[in-house]
Structures are given as C-alpha cells and as structure tokens.
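Engineer: Pasting a structure here, questions to come.
The values are calculated or read from the model by the stated rules, or taken from the named source; none is laboratory data. The structure presented is a predicted model; accordingly, all values stated were derived computationally and were not measured. Virtual Cβ from ideal backbone geometry, glycine too; neighbours counted across all protein chains shown. Each accessible area value is taken on the protein alone, full model and side chains, heavy atoms only, with ligands, DNA and RNA left out. Shrake-Rupley method; radii C 1.70, N 1.55, O 1.52, S 1.80 Å.
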Amino acid sequence: MDWTLPGVDIRDVPRLPWRGFMLDVARHFQPIHVVRRFIDLMALHKLNVLHLHLTDDQGWRMPVPSHPLLTSVGSWRTETNGDGVPHGGSYTRAELEGLVAHAAERGIRIMPEIEMPGHARAALAAYPDLGVAPEPLPVWTRWGISDAAFGLHALGFVREVLAEVLEIFPGEYVHLGGDECLLPEEIHGRFLKQAAKYLLDRGRIPAAWEPTGEPRSVVMPWKDVTQAATALERGQPVVMTPHTSTYLDYPQSDSGEPPGQPGHVVTSKDVYHVPLPDGVLGAQCQLWTEHIRTREHLEYMAFPRLAALADTLWSQRREWEGFTTRMRHHASRLAALSIPAEVRREPCEHQ
C-alpha cells in the first residue's frame, strides 16, 4: 500500500538551555568508568550539563600539583560513620581531561565545583594553616556540616586551585559552593566575592548555592523558590535546584527503599513539576552520595527520576500523563542498559 504524507517541518528543540545533573564524588568516590557511563546516560536523555562536586569535608578528588597533600591526605578518610573501613580515591589530571573530552563529544559540558569557604575539612586535613583555626584535623568521617572553614588568608591557595581547575575544565562555568558555612556573614561574603572576581577576570562565570555578591554569578537556589525570585529581580542568572523536587538522594517512595537522605520523599512526579519561574536558565537534579557506594545504587537513585527532569525541561508544554505513557516504553530501554529497577538493600551505616 502506498502512503502519501504532506510536507512537514519538524523542529525538536529544548525549552530551556540548562538541563543538568550534579554528581557528588566527594562523599563517596565514584571511579572514572562510573562517571563516564553516567555521561553516556545523560547524553541519551539530552541532558547537557554535568555538575561535578569534587571536594567536601569527606574527601578531595582533584589533583593540584602545587599542593600534593590534597590528594595524598585529603582524599582518604579512616572510616565512614563508625564502620571502620577506610574510604577514598582521587582522579588523575589525565582522567579528568579525558572525561571532559568524553562529555564534549556527547554535547555535555562539565561544571566543576570546589567547595568554599565551608565544607573544607578535607583540604584542611592536608593543610591546617589554611583554616580559621589552624589546628590539625582529620578528613571528616561523619555527615552533616563541619564547622571547619577556610580563613580569608586562604584566598591565595584558592586562586592556585582555581587556576588548575581552569586548565583542566575549559567550560564557561565554575561552581564555588558557598553554602552551609559557619563563618560570619561578612567574611563569608568577602571570600566568595573575591573568588568570583578571580573567575570573572579570566573570562569564566562563577556559580554558587548562595549569592556571591557578584551579580554576574549564577545562583542555584536549593532552599525554596523565593531565593530564585530574589535573584531574578536582581537580574542574576538562575538554575533551579530546590531540594524538595531535585534532590535524588531522598528516597523515591516511603517504603522499601535502600538507604537515603531522611526527611523527604522525592518522586518522579515531584521532579517533573520542578518550579520553573519565567527567566530561569533551566534546572538540574542533585545526587549527594552519603549513602551511595556502588554504581547500581547510584543509577537506581537517578532513574527514572532523571528522565522526568529531561522530559520536562525539553518539552515545550508539560504533560505528566504523556510522560508516564512514554516511560512505559522507555523503561525497557533502561533495563537493556542494566539500570536497576530495584537495588539490594545495604545494611544501614553506623550512626
């Protein structure tokens, strides 16, 4: 049978330009092959920004030749929440450069994150004199917020680290962290503003979880939508990251889930309906890895929720029912890629 079709013009373009995923490799180190595979999965879903959280209280993962103790000391902790098992690891420069190339070939840019001035205990374990209180501290073995932080006198160190970051990661954006810091507000603000200025002077755009005092910085509001409204009123670029709809370390349901962050349940529907005020660049999901030790657990926590984000940011009109219909077919593709529909429950960590 012959078929005649009228001439058509099909244009498949994304609604929003920033369609991202943040992977925390600091709390539990993720080997380079795991990250490369995840980039492939992102490309399959037309996501285009990998936000790589490289440093935190519990580990430092990026080499800096002028400060070798960052990886020889700061990348290893003696245990995790009392389990008695050492944990750590770091990437080589060649691995990170290869990762950047692997991502670029798939239309994905990598935004590195170096936490400052708080969440700095792994760095301070290596170089205690950089801290507000220059006393020896081990890499932190617990979760939560450490009170260790860089002092203003550590800005020279930060510039040296950022110089290495700029060589390895050629992308436009560099994330400075900036949240959950117990420094006085004035010092915290001065620190972030100086770090942001360093990036801007070199043609890069800083991003942070909190305002940096520099209006050209990208703000990623994670507490509530009012943060986004305030930043948009100031004319700042905004990427939506509200914890109640983009934090994938929260369980997907209220029963039968592997260990995850307590306090909330974030479903695929929550992700699909992430708030997107007019004027935002887009949104991204976050996967903090306090409880995630394996590739299987990582991918179980990411999917299908990350597919919901990809769909809602690409589609010109949100349609939850249409997405659920498409997911019935897409689930078989995820299964063919060995993405687990369930994951073995690991013993709860010591608290």
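Engineer: Over 27 Å between Cα atoms: which of K46/K193; K223/K269; K193/K269; K197/K269 fall into that group? The partial results should precede the final answer.
Structural biologist: Numbers: K46/K193 33 Å; K223/K269 19 Å; K193/K269 37 Å; K197/K269 39 Å.
Listed pairs above 27 Å: K46/K193; K193/K269; K197/K269.
Engineer: Taking a quarter of the surface of the convex hull around the Cα atoms of segment 138-189, what do you get in nm²?
Structural biologist: Working: hull surface 19.7 nm².
If you wrap the Cα atoms of segment 138-189 in a convex hull and average its projections, you get 4.9 nm².
Engineer: Compute, for segment 31-152, the length of the dipole vector about the Cα centre, with Cβ point charges of +1 (Lys, Arg) and -1 (Asp, Glu) only. Units Debye, rounded to 20. Each step should come with its number before you reach the end.
Structural biologist: Numbers: 10 positive and 13 negative charges, 93 e Å.
Using Cβ point charges on Lys, Arg, Asp and Glu, segment 31-152 gives about 440 debye.
Engineer: Once you put a point 7 Å from the Cα of E296 and another 7 Å from the Cα of V34, both along the Cβ direction, what distance in nm separates them?
Structural biologist: Calculated label separation equals 1.3 nm.
Engineer: Separate question: Where nothing but the Cβ of Lys and Arg (+1) and of Asp and Glu (-1) is charged, how large is the charge dipole of the chain around its Cα centre, in debye to the nearest 20?
Structural biologist: Details: 34 positive and 44 negative charges, 152 e Å.
Charge dipole, the chain, about its Cα centre: 740 debye, nearest 20.
Engineer: Measuring with a 1.4 Å probe in the full set of protein chains, what accessible area per residue, in whole Å², belongs to segment 269-351? Intermediate results must be reported in sequence, preceding the final value.
Structural biologist: Details: 4130 Å² over 83 residues.
Roughly 50 Å² per residue, with all protein chains present.
Engineer: Considering only DSSP beta bridges whose two residues both sit in the chain, what percent are antiparallel, to the nearest 5? Each step should come with its number before you reach the end.
Structural biologist: Details: 5 of 32 bridges.
Approximately 15 percent, going by the DSSP bridge assignments.
Engineer: Please find, in a Gaussian network model of the chain (springs between Cα atoms separated by less than 10 Å), the residue of L44, L287, L155 whose mean-square fluctuation is greatest.
Structural biologist: Taking springs between Cα atoms under 10 Å, the residue moving most is L44.
Engineer: What residue among P138, F157, F29 has its Cα farthest toward the positive end of the dipole of the chain, where the charges are +1 on Lys, Arg and -1 on Asp, Glu, each on the Cβ?
Structural biologist: F29
Engineer: How many percent of the alpha carbon pairs in the chain exceed a separation of 33 Å?
Structural biologist: Tail of P(r) above 33 Å: 26 percent of Cα pairs.
Engineer: Let me ask something additional. Whole number please: convex hull volume per residue of the Cα set in segment 96-197, in Å³? Don't skip to the end; give the middle numbers.
Structural biologist: Values: hull volume 11.7 nm³, N = 102.
That works out to 114 Å³ per residue.
Engineer: Taking springs between alpha-carbon atoms closer than 10 angstrom, which of T289, T55, T92 fluctuates most in the Gaussian network model of the chain?
Structural biologist: T92
Engineer: Report in % the part of the accessible area of segment 241-302 that belongs to carbon and sulfur, leaving out ligands and nucleic acids; probe 1.4 Å. Write out the running numbers ahead of the final one.
Structural biologist: Working: 1010 of 2110 Å².
Here carbon and sulfur together make up 48 percent of the probe-accessible area.
Engineer: Only Cα pairs within less than 10 Å get springs; with that Gaussian network setup on the chain, which residue of P211, P112, P68 has the largest fluctuation?
Structural biologist: Of P211, P112, P68, the Gaussian network model singles out P68 as fluctuating most.
Engineer: Could you tell me how many cubic angstrom of Cα convex hull volume segment 1-142 has per residue?
Structural biologist: On the way: hull volume 23.1 nm³, N = 142.
Expressed per residue, the convex hull around the Cα atoms of segment 1-142 is 162 Å³.
Engineer: So how much slack lies between E167 and V8, counting 0.36 nm per residue of separation and subtracting their Cα-Cα distance, in nm?
Structural biologist: Numbers: separation 159, 0.36 × 159 = 57.24 nm, distance 4.55 nm.
Extending this stretch completely gives an extra 52.7 nm.
Engineer: Continuing with the same structure: With the Cα gyration tensor of segment 148-285 giving a ≥ b ≥ c as the square roots of its eigenvalues, does the rule (a/c under 1.5 for rounded; else a/b larger than b/c for prolate; else oblate) give rounded, prolate or oblate? Write down the numbers at each step before the final one.
Structural biologist: Details: a/c = 1.96, a/b = 1.62, b/c = 1.21.
Here segment 148-285 falls in the prolate category.
Engineer: Given the Cα atoms of segment 263-318, and with Rh set as the inverse mean 1/r over their pairs in the Kirkwood sense, what is Rg to Rh to two decimals? Mind dumping the intermediate values first?
Structural biologist: Numbers: Rg = 12.6 Å, Rh = 12.5 Å.
Rg/Rh: 1.01.
Engineer: Assuming 0.36 nm per residue, please report the length gained on full extension of the stretch L69 to R93 beyond their Cα-Cα distance. Write out the running numbers ahead of the final one.
Structural biologist: On the way: separation 24, 0.36 × 24 = 8.64 nm, distance 1.52 nm.
Gain in length upon complete extension: 7.1 nm.
Engineer: How long, wide and thick is segment 20-99, going by the Cα atoms along their three principal axes, in whole angstroms, largest first?
Structural biologist: 39, 32, 18
Engineer: Next up: Full extension from A331 to T267: what is 0.36 nm times the residue separation minus their Cα-Cα distance, to one decimal in nm? Intermediate values should be presented prior to the final figure.
Structural biologist: Numbers: separation 64, 0.36 × 64 = 23.04 nm, distance 1.59 nm.
Result for the pair: 21.5 nm of gain on full extension.
Engineer: Work out from phi, with θ = phi - 60° and the Karplus expression 6.51 cos²θ - 1.76 cosθ + 1.60, the ³J(HN,Hα) of each residue of segment 223-237, listed in order in whole Hz, and give x for Gly and Pro.
Structural biologist: 7, 7, 5, 4, 4, 5, 4, 4, 5, 5, 4, 7, x, 8, x
Engineer: What does the charge add up to near R93, with Lys and Arg as +1, Asp and Glu as -1, over the other residues with Cβ less than 9 Å from its Cβ?
Structural biologist: Numbers: positive: none; negative: E95, E97, E164, E167.
After counting each charged neighbour, the total is -4.
Engineer: Return the distance in nm (one decimal) between the two label points of a simple spin-label model at D179 and E79, each offset 7 Å from Cα along Cα→Cβ.
Structural biologist: 2.9
Engineer: Next question. Between R142 and R106, what FRET efficiency comes out of the Förster formula 1/(1 + (r/R0)^6) with R0 = 25 Å and r the beta carbon distance, rounded to 0.05?
Structural biologist: Values: r = 36 Å, r/R0 = 1.45.
Approximately 0.10, to the nearest 0.05.
Engineer: Suppose R0 equals 30 Å. What FRET efficiency, 1/(1 + (r/R0)^6) with r the Cβ-Cβ distance, do A229 and R318 give to the nearest 0.05?
Structural biologist: 0.90
Engineer: Separate question: Would you tell me the accessible area of D224, worked out with a 1.4 angstrom probe on the heavy atoms of the protein chains, in Å² to the nearest 10?
Structural biologist: Around 70 Å² of this residue is reachable by solvent.
Engineer: If ligands, DNA and RNA are left out, what is the accessible area of S255 with a 1.4 Å probe, given in Å² to the nearest 10?
Structural biologist: Approximately 80 Å² of S255 is accessible to the 1.4 Å probe.
Engineer: At a probe size of 1.4 Å, how large is the accessible area of I10, to the nearest 10 Å²?
Structural biologist: 140
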